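Here the structure is laid out as structure tokens; the discussion comes afterwards.
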Amino acid sequence: MRAYRTYTTKSVFHCNGRLMSGPQRGQFYATLVLFLLPTALFFTFVAPYLCIHVSFVALVILAIIFTVLAFINLMVSAYRDPGVIPKNPTDSQTKHRNQKHVMINGTKVQKRYCVTCRIYRPPRAIHCSTCDNCVERFDHHCAWIGNCVGSRNYHTFFMFVAFVVSALIVVEVSCILHITFVLVDYVDKYGAGEGLGKALSVPPPDNIIISFILAVYAVIGICPIGFLLCFHILLVSRNITTNEYLKNLYDKGKTSPYSHGCFMNFITILCPRCWPRYLEPREIVEPTVQNIVI
């Protein structure tokens, strides 16, 4: 029997243990709809006009690149093991344990004992109550992707946010160009009042209603997601996590002991080595009556 069938967690395994996600699948599917529906509308109603009438092919190519990269990073973030540290079911003692410390760049850092997983967590690892896992370099649990964001998927989460913002900017510019060129063309032909009515009633690709809706959607999306991107750029530059920021662990000018300088922080976090996978869900284990998870 594969180990994932006997492992106690709220996370969900897919493809015979090859993939792993959090329990909040509804929010993730909502994210897919919010991502794929505007994408389909843009490439159906706006992109053809830009390619045929205006020849802004570069914008369409950029939209394709950013959209594909955002979708890939979204799926990897949602279905990748974020850095789950396996539980220790053989340890029956769940009471307070002696404190353990490790030295990180000359700073003593405490290793806390998790009474749920029955392990001493590595520094920066936190137990996520939503997924019921201890996650290495825990940043936060993201309901939008339905998974924890940790050591093994933080860089893909960051790139997903960055590519979404880039795609929204391209969509906003494209829709403004579409609206502008159509209105100028129809106003020249029919006059101001009649030209606007024609632009709103003609069939695609000249119809500007979808472009207007997408332009508003893009603005609404750019503001919060752009702020989120700026926030994570700040975190990466200081090599701190969202969890550490919210707990004010390194406020008032304190430097994280994990920081290697601004430039090297970006290199080590966004271009990481292959983080090891501690949990081996496809490992063959001997089933018992007590630990089989249906």
Just want to confirm a number: the relative contact order over the range 120-211, from Cα pairs under 8 angstrom separated by 6+ residues, in percent. 14 percent
If Trp144, Trp275 are ordered by their accessible area, calculated over protein heavy atoms with a 1.4 Å probe, which sequence runs from highest to lowest? Trp144, Trp275
So how exposed is Cys114, as accessible area in Å² (1.4 Å probe, rounded to 10)? 10 Å²
For the chain, what is Rg from Cα atoms divided by 2.2 N^0.38 Å, rounded to two decimals? 1.28
³J(HN,Hα) computed for each position of the range 111-125 - Karplus, 6.51 cos²θ - 1.76 cosθ + 1.60, integer Hz, glycine/proline x: 9, 8, 8, 9, 6, 7, 8, 6, 9, 7, 6, x, x, 6, 7
What is the calculated FRET efficiency for Glu280 to Ile213, with r their C-beta to C-beta distance and R₀ = 41 Å, to the nearest 0.05? 0.30
Using the basic label-point model (7 angstrom from Cα toward the beta carbon), what is the Phe231 to Val202 distance in nanometres? 4.3 nm
Of Leu34, Pro89, Asn16, farthest towards positive along the dipole that unit charges on Lys, Arg, Asp, Glu beta carbons give the range 1-160: Pro89
Per residue, how many Å² of accessible area does the chain show with a 1.4 Å probe? 53 Å²
Carbon and sulfur: what percent of the range 1-91's accessible surface (1.4 Å probe)? 71 percent
Value of relative contact order over the range 65-158, rounded to a whole percent, pairs C-alpha under 8 Å and six or more apart: 32 percent
Each residue of the range 132-149 in order: what ³J(HN,Hα) in whole Hz does its phi give by Karplus 6.51 cos²θ - 1.76 cosθ + 1.60, θ = phi - 60°, with x for Gly and Pro? 6, 9, 8, 10, 5, 6, 5, 9, 6, 9, 9, 5, 5, 9, x, 8, 6, 10
Calculate the spin-label point distance for Arg273 paired with Asp251, positioning each point 7 Å from the Cα along the beta-carbon direction, and give it in nanometres. 3.5 nm
proj_area_mean for the range 1-82 (convex hull on C-alpha atoms), units nm², value 6.5 nm²
Take the range 13-144, compute every pairwise Cα distance, and split them into 5 Å bins from 0; I just need the percent in each bin. 2, 9, 13, 15, 13, 11, 9, 8, 7, 5, 4, 3, 2, 1, 0
Using a simple spin-label model with points 7 Å from Cα along the Cα→Cβ vector, what separation in nm is obtained for His101 and Thr44? 6.2 nm
Just want the answer: with Cβ charges of +1 for Lys and Arg and -1 for Asp and Glu, which residue in Phe66, Leu270, Gln110 is farthest toward the dipole's positive end in the chain? Gln110
Given a cut-off of 24 Å, name the pairs among Lys87/Lys254; Lys10/Lys100; Lys10/Lys254; Lys100/Lys247 whose C-alpha atoms lie farther apart than that in the structure shown. Lys87/Lys254; Lys10/Lys100; Lys10/Lys254
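The values are calculated or read from the model by the stated rules, or taken from the named source; none is laboratory data. Since the structure is predicted, the reported quantities are computational estimates derived from the model, not experimental observations. No Cβ is skipped: glycine too gets one built from the backbone with ideal geometry, and neighbour counts run over all protein chains shown. Accessible surface is based on the protein model in full, side chains and every heavy atom, while ligands, DNA and RNA are left aside. Shrake-Rupley method; radii C 1.70, N 1.55, O 1.52, S 1.80 Å.
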